[in-house]
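**Student:** Following this message is one structure expressed as structure tokens.
The values are calculated or read from the model by the stated rules, or taken from the named source; none is laboratory data. In this text the structure is predicted, and so the values were computed from the model without any measurement. FYI the Cβ positions are ideal-geometry reconstructions off the backbone, even for glycines, and counts take in every protein chain you see.
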Amino acid sequence: MRKLLTIICVLASIEPLFSQQNLFNIPSGDITPKGKMFYQHQFNIYTRKLESKAHFVYGLGKGWDAGVNLVGKGFYFTPVWRSMHNSDPNKGALYPVLLLTLQKSISLGDHWQMNWGSQAGVNLSSRLRNKKLNYFFYGLVSFKPGKQHRLKLILGPYYTTPMFVGSGNKAGVLAGYEMKIRSGWYLMGDFISGNNDAGVMVLGLVKTVSRRVQICAGYMIPNPKTPKPPGLVLEVNVLGWDVE
């Protein structure tokens, strides 16, 4: 009986990493459980503008999930208040963009996992001739060292279109991490290589405020020779299941 109680206490003390389907700007490699939903709303705040991104994901089962992303909604503060909109590929990435998403994950044991997925859709132009196909393909390998899985490392390639990221490279590398530092608190960061509009690094924190809500905040550092300025990132995650 004493041994059984000891085992139960040890298992109860092991707190795995929180489970969310996106870090700041890259997929986390986690899959939404079957029949459950995940919603993330992100705000990128700059000196001249505010960007809004919405991500909704639904678990399909057997390592699959699917969803919808609305990227690039927002408005400029200066020189006058106006909504963000671009339907001209010659002026950079198109926005806003509505994307359908699909992900698949395969477990490779207790520590390793493979994940690949796609995001594809069109920009929300009022004119049919201005609508362009946007896509983003990626593959990820994630690693959780140790028995308690307090750290998660993510790495993999991506391939996209100039319609989605503007001028610059179309292929590159995704990298990220999650690390538990205390109960309900996590370090989180991610990186997208390249000199396109998506080429940034974000470093920040995550706070679990309830069983199903998380708040994330980070600082965005653009890669050299990219058009994006530094900024702040704020996120709210709503999960359809209890965080362990």
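**Student:** Would it be correct to say that Ile31 is touching a residue at least 60 places away in the same chain (Cβ under 8 Å), in contact with a Gly (Cβ under 8 Å, 6 or more places away or on another chain), buried (at least 20 other Cβ atoms within 10 Å of the Cβ) and under 19 Å from Asn237 (Cα atoms)?
**Tutor:** Numbers: touching a residue at least 60 places away in the same chain (Cβ under 8 Å): yes; in contact with a Gly (Cβ under 8 Å, 6 or more places away or on another chain): yes; buried (at least 20 other Cβ atoms within 10 Å of the Cβ): yes; under 19 Å from Asn237 (Cα atoms): yes.
Yes: the conditions hold for Ile31.
**Student:** Related question: Go through segment 39-49 and count every residue that is hydrophobic (A, V, I, L, M, F, W, C) and within 12 Å of the chain's Cα centre (by Cα).
**Tutor:** 0
**Student:** Which one of these is among the β-branched types (Val, Ile, Thr), in contact (Cβ under 8 Å) with a residue 60 or more places away in the chain and touching a strand residue (DSSP E or B) at 6+ places or on another chain (Cβ under 6 Å): Val206, Val165?
**Tutor:** None of the others qualify; the one that does is Val206.
**Student:** Does Met188 satisfy the condition of being of a type in the set (A, V, I, L, M, F, W, C), more than 16 Å from Asn22 (Cβ to Cβ) and modelled with pLDDT of 95 or more?
**Tutor:** no
**Student:** Exactly one condition in (1) part of a strand (DSSP E or B); (2) surrounded by fewer than 17 Cβ atoms within 10 Å (Cβ to Cβ) is not met by Val233; state its number.
**Tutor:** Answer for Val233: the failing condition is (2).
**Student:** Would segment 163-179 turn up any residue that is more than 19 Å from Tyr46 (Cβ to Cβ) and of a type in the set (Asp, Glu)?
**Tutor:** Yes, segment 163-179 has at least one match.
**Student:** How many residues, within segment 209-229, are farther than 22 Å from Gly168 by Cβ and in a loop (DSSP other than H, G, I, E, B)?
**Tutor:** 2
**Student:** Now for a separate question. Can you tell me how many residues in segment 164-176 are buried (at least 19 other Cβ atoms within 10 Å of the Cβ) and either modelled with pLDDT under 95 or among the aromatic types (Phe, Trp, Tyr) (or both)?
**Tutor:** Within segment 164-176, residues that are buried (at least 19 other Cβ atoms within 10 Å of the Cβ) and either modelled with pLDDT under 95 or among the aromatic types (Phe, Trp, Tyr) (or both) number 4.
**Student:** What's the number of the only condition in (1) over 21 Å from Tyr39 (Cα atoms); (2) modelled with pLDDT of 95 or more that Val202 fails to meet?
**Tutor:** All conditions pass for Val202, except number (1).
**Student:** Still on this structure, I have one more. Please find, within segment 49-73, the residue that is nearest to Tyr95 (Cα to Cα) out of those that are touching a strand residue (DSSP E or B) at 6+ places or on another chain (Cβ under 6 Å) and of a type in the set (D, E, K, R).
**Tutor:** Filtering first and then ranking leaves Lys73.
**Student:** For segment 127-158, give me the residue count where each residue is touching a Pro at 6+ places or on another chain (Cβ under 7 Å) and within 16 Å of Leu23 (Cα to Cα).
**Tutor:** Here is the first cut: in segment 127-158, the residues touching a Pro at 6+ places or on another chain (Cβ under 7 Å) are 132, 138-140, 149, 151.
Checking which are within 16 Å of Leu23 (Cα to Cα) leaves us with 138-140, 151.
Within segment 127-158, residues that are touching a Pro at 6+ places or on another chain (Cβ under 7 Å) and within 16 Å of Leu23 (Cα to Cα) number 4.
**Student:** Go through segment 124-168 residue by residue and tally those that are among the polar types (S, T, N, Q), more than 15 Å from the chain's Cα centre (by Cα) and closer than 15 Å to Phe191 by Cα.
**Tutor:** The total comes to 0.
**Student:** What are the residues in segment 82-126 that are over 19 Å from Asn22 (Cβ atoms), in contact with a Lys or Arg (Cβ under 9 Å, 6 or more places away or on another chain) and modelled with pLDDT under 95, if any?
**Tutor:** The answer is Ser83, Met84, Ser87, Pro89, Leu94, Asp110, His111, Val122, Asn123, Leu124, Ser125.
**Student:** Still on this structure: Say we look at segment 79-117 and pick out the residues that are among the aromatic types (Phe, Trp, Tyr) and exposed (fewer than 15 other Cβ atoms within 10 Å of the Cβ); which of these is farthest from Gly146 (Cα to Cα)?
**Tutor:** Trp81
**Student:** Okay, moving on. Counting only residues that are part of a strand (DSSP E or B) and touching a residue at least 60 places away in the same chain (Cβ under 8 Å), how many does segment 39-58 have?
**Tutor:** 7
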